[in-house]
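Shown next, in structure tokens, is the structure this report addresses.
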Amino acid sequence: MKKYSFYIIIIIFYSCEKVVSIDTNYSDERIVFDASIFKNINEDFATATVRVSKTAPYFGENNTEIEEADVYIKTRNGNINLKYNSENKYYTNTIDYISYDEDYEFFVKFENQNYYSTEKLIKISDIESVVFGERKSLNKDEIELLITFTDPKEIGDFNLWRFGPKGKGDTYDYLVSRDLYTNGNQFTFSFFIDKTKYFLKDEFVYIEMTGLTEEGFNYLNILTAQAGAQNGRPFSSASAIIKGNIINQSNFEKFPLGYYRVSEFDYFRLSKKDAPDGTFD
């Protein structure tokens with residue numbers, strides 16, 4: 001087995017800002033979905049989670065959460081109704097068993113509109129290791145992580161990586177990847193994180209990998225190009241109209257925003273105690 005190493009460098013540009021007044025004419029209100037079914041790579045069951053909201057004007061308040069929608073997942077064994085969790089502001093339920101060859105159909109009914117999507121479960125490989133690297137960044141607060149995993153040929157080519165502390169209200173950094181040249185090989189990539197943000201309240205940083213379809217990969221590339229990778233919840237945000245994989249069966253022209261994903265996930269928990277001496281001085 002060959003082993004490859006490559007480095008991904010993310011550069012964020014800063015510039016001077018000038019405050020300007022913008023008169024926005026906002027009328028195109030849309031429904032926004034952040035919908036997923038995630039299965040731990042080591043478990044048979046999965047958890048469905050769906051956030052439903054309405055768009056807010058640009059430069060306005062956050063999207064308005066919707067609590068009165070009828071949300072369910074259709075499986076071979078019947079419909080699974082998702083119940084609204086008022087504390088976390090999403091609809092959720094457990095799917096006791098999930099397989100790779102089944103279509104998991106997503107339905108939402110709200111204000112006489114019917115929304116729909118369907119996806120199969122995406123299989124992923126496991127994260128083999130995450131360690132602190134020794135390379136330095138131009139930003140003294142950034143430290144390097146080295147992530148290693150093997151990419152079997154029979155597994156999908158697209159992944160979404162999430163980096164950050166695991167806590168309510170925390171935001172994450174995201175990275176999309178495509179294995180053009182690594183099929184069947186073990187490889188390591190580099191990612192820099194802000195130690196002052198990640199380890200402010202927690203001793204650990206969490207690195208999570210989920211699978212993407214090619215359509216999901218393209219969608220997220222467009223979205224992060226507009227909003228930036230450091231955006232907290234990229235699937236539920238949009239600075240412009242970007243059509244995802246969810247349709248409005250009642251009015252095709254009035255399509256919703258957001259995306260629906262069904263994937264395995266794996267995660268690795270790295271402690272700051274494993275960092276080289278002097279990293280957090």
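The values are calculated or read from the model by the stated rules, or taken from the named source; none is laboratory data. All values derive from a computational prediction rather than experimental measurement. Please note: Cβ atoms are built from the backbone with ideal geometry, for glycine as well, and neighbour counts cover all protein chains shown.
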Looking at the stretch 72-101, I want the residues that are under 23 Å from Val32 (Cα atoms) and in contact (Cβ under 8 Å) with a residue 12 or more places away in the chain and have a partner that is in a loop (DSSP other than H, G, I, E, B) and of a type in the set (D, E, K, R) with Cβ atoms under 6 Å, at least 6 apart or on another chain. Which pairs are those? Tyr84/Glu67
Any chance Ile222 is at pLDDT below 85 and aliphatic (A, V, I, L, M): yes
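Please go through the stretch 69-101 and give me each residue that is in contact with a Leu (Cβ under 8 Å, 6 or more places away or on another chain) and either surrounded by fewer than 15 Cβ atoms within 10 Å (Cβ to Cβ) or not in a loop (DSSP other than H, G, I, E, B) (or both), ordered by number.
Keep residues of the stretch 69-101 that are in contact with a Leu (Cβ under 8 Å, 6 or more places away or on another chain), which gives 71-73, 91-93, 98-100.
Once the filter is applied, which keeps residues that are in contact with a Leu (Cβ under 8 Å, 6 or more places away or on another chain) and either surrounded by fewer than 15 Cβ atoms within 10 Å (Cβ to Cβ) or not in a loop (DSSP other than H, G, I, E, B) (or both), the stretch 69-101 yields Val71, Tyr72, Ile73, Tyr91, Thr92, Asn93, Ser99, Tyr100.
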Being modelled with pLDDT of 90 or more, more than 11 Å from the chain's Cα centre (by Cα) and in a helix (DSSP H, G or I): is that true of Glu215 here? yes
Out of contact with any Ser or Thr (no Cβ under 9 Å at 6 or more places or on another chain), surrounded by 17 or more Cβ atoms within 10 Å (Cβ to Cβ) and within 28 Å of Asn77 (Cα to Cα), is that true of Ser177? no
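What about Phe199, is it modelled with pLDDT under 90, buried (at least 19 other Cβ atoms within 10 Å of the Cβ), closer than 17 Å to Arg51 by Cβ and of a type in the set (Phe, Trp, Tyr)? Even if it seems obvious, please write down each step before you answer.
Details: modelled with pLDDT under 90: yes; buried (at least 19 other Cβ atoms within 10 Å of the Cβ): yes; closer than 17 Å to Arg51 by Cβ: no; of a type in the set (Phe, Trp, Tyr): yes.
Answer is no for this residue.
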Does Thr196 satisfy the condition of being within 23 Å of Pro276 (Cα to Cα), over 19 Å from the mean Cα position of the chain (by Cα) and among the hydroxyl-bearing types (Ser, Thr, Tyr)? yes
Going through the stretch 142-166 in order, the residues found to be in contact with a helix residue (DSSP H, G or I) (Cβ under 9 Å, 6 or more places away or on another chain), charged (D, E, K, R) and at pLDDT below 90 are Asp157
It is to be established whether one or more residues within the stretch 183-195 are in contact with a Phe, Trp or Tyr (Cβ under 7 Å, 6 or more places away or on another chain) and outside any strand (DSSP E or B). yes
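Quick check on Ile193: is it among the aliphatic types (A, V, I, L, M), free of Cβ contacts under 8 Å to residues at least 60 places away in the same chain and touching a strand residue (DSSP E or B) at 6+ places or on another chain (Cβ under 9 Å)?
On the way: among the aliphatic types (A, V, I, L, M): yes; free of Cβ contacts under 8 Å to residues at least 60 places away in the same chain: yes; touching a strand residue (DSSP E or B) at 6+ places or on another chain (Cβ under 9 Å): yes.
Considered against the rule, which asks whether it is among the aliphatic types (A, V, I, L, M), free of Cβ contacts under 8 Å to residues at least 60 places away in the same chain and touching a strand residue (DSSP E or B) at 6+ places or on another chain (Cβ under 9 Å), Ile193 comes out as yes.
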